[in-house]
1. Could you put 20, 49 in order, starting from the residue whose Cβ has the fewest other Cβ atoms within 10 Å?
2. Dipole size in debye (nearest 20) for the chain around its Cα centre, Lys and Arg Cβ +1, Asp and Glu Cβ -1?
3. Along the charge dipole of the chain, Cβ charges K/R +1 and D/E -1, which of 48, 9, 33 sits furthest on the positive end?
4. For residue 37, go through the aspartates and glutamates and keep the ones whose alpha-carbon is under 12 Å away, minus same-chain ones fewer than eight residues off.
5. Neighbour counts of other C-beta atoms within 10 Å: give me 19, 34 arranged from fewest to most.
6. So for 13, 6, fewest C-beta neighbours within 10 Å to most, what's the order?
Amino acid sequence: MAVPKRKVSKQRRNKRRTHYKIDAPMLVLCPQCHSLKMPHRVCKECGYYNGKEIIKVEA
């Protein structure tokens, strides 16, 4: 059975974990109302996706 021969130092452990960080969400401008929205999703402000009204949004 494979067992570590030496203790893994904090520095080495933290170097390995550098890629575990959370990325900021990508945001794009809605072409209809020009508010920020996530790509490939219906805009929460105006309810449009790909130039078509998908959801009726009441003001």
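No value in this document is a laboratory result; all are computed from the given coordinates. On a predicted model such as this, the values are computed, not experimentally measured, just so you know. Glycine gets a Cβ as well: all are built from the backbone with ideal geometry, and neighbour counts include every protein chain shown.
1. 20, 49
2. Dipole size: approximately 1200 debye.
3. Of the options given, the answer is 9.
4. By straight Cα distance, residue 37 reaches 45.
5. 19, 34
6. The most exposed by this proxy come first: 6, 13.
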